Structures are given as C-alpha cells and as structure tokens.
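In what follows, a structure is listed as structure tokens, so that the remarks can point back to it.
The values are calculated or read from the model by the stated rules, or taken from the named source; none is laboratory data. The model shown is predicted, which means the values in this text are computed figures rather than measured ones. Here Cβ is always computed from backbone atoms with ideal geometry, including for glycine, and neighbour counts include all displayed protein chains. Ligands, DNA and RNA are excluded from the accessible area calculation, which covers all protein heavy atoms including side chains. Shrake-Rupley method; radii C 1.70, N 1.55, O 1.52, S 1.80 Å.
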Amino acid sequence: MIIRRDRWSGFCFGVQKAIEMAEEELAKTGMCYALGSLVHNPAEEQRLSKLGLKTITHAELSLLNPAKVLFRAHGEPPSTYTLLQNNSIKLLDGTCPIVLRLQKKVAQHWELMKKVDGQIAIFGKPGHAETIGLNAQVDYKAIIITELRDTALLDFEKPLTLFSQTTMSEEKYNQLIETIRDNYRANGKADTFFTPVYSICKQVSGRLPKLAQFAKEVDILLFVSGKNSSNGKVLYEHALKNNSRSYQIEHAKELKADWFTACKTIGKSGATSTPSWQLEEVENHLIQMFGLAKPSLDNTF
C-alpha cells in the first residue's frame with residue numbers, strides 16, 4: 001500500500017494571503033481581530049485562535065473603537081468599510097483580489113441594468129459572506145439563485161446579468177446559464193437580453209479535471225476539508241463522482257481501517273481552505289496505521 005499526494009491541493013492564494021496577514025499581526029502583537037471565519041476549516045481556525053486570533057461578528061465590530069481588524073478573503077459590503085472609518089478602526093484587508101475585482105464588476109453592471117430596468121442575479125449561497133458582499137454592490141437587490149428551480153424568481157421580460165460566487169460549481173453554473181438562455185428564447189427574447197459573466201475562480205474550476213484524474217488513479221481518495229467549505233463541497237462531490245471510494249474528513253481520527261480493504265493506493269487531497277499541516281497530519285496517521293513509507297516527491301504529480 002502506498003500514499004500519493006495531490007500536489008494541487010491546499011490553500012488558494014487568496015486564503016493564503018489572509019492567513020499570512022493574520023500570522024504576521026499575531027507575531028507582532030499577540031492579538032488580532034478577524035471579522036467572520038478567516039477560513040472555512042475548523043482545525044485551522046482553532047490553530048489561529050491559540051495564537052491569539054479572535055473571530056468577531058458584525059455586531060461586535062460596531063462596538064470596537066479603536067482597534068485593528070482583519071477582513072477575510074470573502075470580501076465585505078461597502079457599509080463595513082464605512083463603519084471602520086467612522087469608528088477609527090484600522091483595517092488589515094485580506095480580501096481576495098479576484099473577489100474585489102468581481103465586486104467592482106457587479107457594481108458596474110448594476111448601473112447598466114438600472115438604465116434598462118434590468119436585473120442582477122447571483123449564483124451562490126444566500127448566507128455566504130462572498131454572496132452577501134456581492135449583493136451589497138447592488139443595494140441588496142440581486143436575485144440569489146442556488147438551484148435551477150430558483151430561476152422562477154427571474155422576470156424573463158427584463159434584461160439580466162448573471163454572476164456567480166467564485167467558489168461555486170462550474171458545471172452547475174453552465175447548466176444554469178443554459179436554462180436561463182432557453183427561457184429567454186422561449187419568451188421570444190433576443191440573446192442580448194441575457195449576459196452571463198464567468199466569475200468562478202480558475203483556482204477552483206481548474207482543479208476539477210486534475211482532481212478527477214487523480215481520483216481515478218487511486219483505489220481510495222481521502223479528501224481533507226472543513227465540512228462548511230463551499231469549495232470543499234464542490235471538490236469532494238467531483239472526487240466522489242470519479243471514485244466511489246472517496247471519503248471527506250476533517251481530522252485524521254476520522255479514518256476507519258475498514259475503508260482500506262483491498263487497497264493498494266491511497267490518494268490524499270484537500271480543498272483550497274485546507275492547510276498543509278492538516279494534510280500532513282492525515283498522512284502521518286496513515287503511516288502509523290499501516291506501517292507505510294512516507295511518500296517521496298517522486299510519488300507526487
């Protein structure tokens with residue numbers, strides 16, 4: 001039995017940037033506030049908490065004055081920036097550059113849609129921080145779509161610009177686009193009535209074919225990810241589709257010996273919110289469980 005590592009797994013650069021900003025501030029002062037969960041990974045959040053990171057809510061933010069607060073990669077509404085300015089709170093902005101650019105693009109399209117009595121829709125999770133931040137760019141008037149059935153909320157007599165939360169499934173987004181386009185055509189509207197914007201992060205969508213190939217080449221795939229990670233959910237579902245013996249875990253202690261019956265090759269992968277130390281922890285646990293050799297660089301791809 002051997003272990004193979006998926007070298008594409010681990011933090012995306014947006015999450016990595018926010019984590020590094022937190023670690024730098026904690027090293028200097030021993031304490032830092034983070035507005036909301038810095039990363040959707042309970043184990044990493046616990047590690048940062050032990051270093052002095054304190055996660056606060058928006059309600060708690062309004063009570064700080066003065067202070068220093070870190071924004072996570074998901075982005076924040078304009079009102080949050082205004083609150084910081086009014087309360088003399090120093091900002092450590094860890095917002096992902098891709099999310100910042102997307103927020104600006106949503107705001108620009110909103111101005112265009114208002115001129116033609118149009119609509120803005122966002123394919124995303126209603127309570128997700130990034131979706132909230134995007135919706136704020138249009139005065140919270142965007143139509144949030146999570147499933148195909150939510151297209152019933154759209155007015156196919158009016159123009160529409162569609163965006164996606166950056167961590168959603170590209171496959172499902174493409175299905176949504178085709179469904180909406182078909183509805184406009186069925187209503188006798190020209191294709192110009194509908195403008196889909198491809199806003200899914202390439203670090204997410206680009207991993208799908210690589211993960212599919214990796215999953216097919218191993219007997220068992222262990223996918224290490226926080227259960228509350230949108231990116232982790234998309235990637236794990238894709239792995240499971242390509243290898244029915246795929247298991248999502250948050251901790252090495254969740255491993256079960258009977259998973260590995262008739263197994264020669266174990267694959268190890270993770271989400272863009274999965275820290276490298278957590279992947280190492282699972283690997284070391286496997287080595288102890290089965291007396292395996294630590295995988296060399298030759299076993300990675």
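In table form, for the structure just shown:
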read-out	value
Members of region 277-298 that are modelled with pLDDT of 90 or more and either within 28 Å of the chain's Cα centre (by Cα) or at positive phi (or both)	277, 278, 279, 280, 281, 282, 283, 284, 285, 286
Residue in region 55-62 that is assigned to a strand (DSSP E or B) and either surrounded by 13 or more Cβ atoms within 10 Å (Cβ to Cβ) or out of contact with any Leu (no Cβ under 9 Å at 6 or more places or on another chain) (or both) present	yes
Members of region 259-278 found to be closer than 20 Å to residue 216 by Cα and outside any loop (DSSP other than H, G, I, E, B), listed by number	259, 260, 265, 266, 267, 268, 269, 270
Any chance residue 28 is basic (Lys, Arg) and loosely packed, with under 14 Cβ neighbours inside 10 Å	yes
Residue among 48, 26 that is out of contact with any Gly (no Cβ under 9 Å at 6 or more places or on another chain) and at pLDDT 95 or above	48
Qualifying positions in region 230-254 - over 19 Å from the mean Cα position of the chain (by Cα), at pLDDT below 95 and not in a helix (DSSP H, G or I)	251
Which listed residue, of 172, 210, is charged (D, E, K, R) and closer than 27 Å to residue 77 by Cα	172
Among residues of region 1-49, those that are under 26 Å from residue 269 (Cβ atoms), of a type in the set (Lys, Arg) and in a helix (DSSP H, G or I), counted	2
Residue match in region 94-101 (condition: in a helix (DSSP H, G or I), farther than 23 Å from residue 183 by Cα, in contact with a helix residue (DSSP H, G or I) (Cβ under 8 Å, 6 or more places away or on another chain) and of a type in the set (Val, Ile, Thr))	yes
Those residues of region 224-277 which are of a type in the set (S, T, N, Q) and touching a Leu at 6+ places or on another chain (Cβ under 6 Å), in sequence order	243, 246
Helices (runs of 4 or more DSSP H) wholly inside region 121-212 that include at least 1 residues being at pLDDT 95 or above, buried (at least 19 other Cβ atoms within 10 Å of the Cβ) and of a type in the set (A, V, I, L, M)	129-136, 170-186
Checking residue 51 against (1) free of Cβ contacts under 8 Å to residues at least 60 places away in the same chain; (2) open to solvent by less than 30 Å² (accessible area, probe 1.4 Å), the condition it does not meet	(2)
Qualifying positions in region 242-295 - farther than 30 Å from residue 14 by Cβ and polar (S, T, N, Q)	244, 261, 265, 288
Residue identified as in contact with a helix residue (DSSP H, G or I) (Cβ under 9 Å, 6 or more places away or on another chain), closer than 30 Å to residue 3 by Cα and not small (Gly, Ala, Ser) among 185, 207, 181	207
Among the residues listed as 108, 85, 103, the single one being more than 23 Å from residue 33 (Cα to Cα) and either open to solvent by 80 Å² or more (accessible area, probe 1.4 Å) or more than 20 Å from the chain's Cα centre (by Cα) (or both)	108
Residue within region 224-244 that is farther than 28 Å from residue 124 by Cα and either surrounded by fewer than 22 Cβ atoms within 10 Å (Cβ to Cβ) or not polar (S, T, N, Q) (or both) present	no
Selection status of residue 93, closer than 20 Å to residue 230 by Cβ and either surrounded by 15 or more Cβ atoms within 10 Å (Cβ to Cβ) or acidic (Asp, Glu) (or both)	no
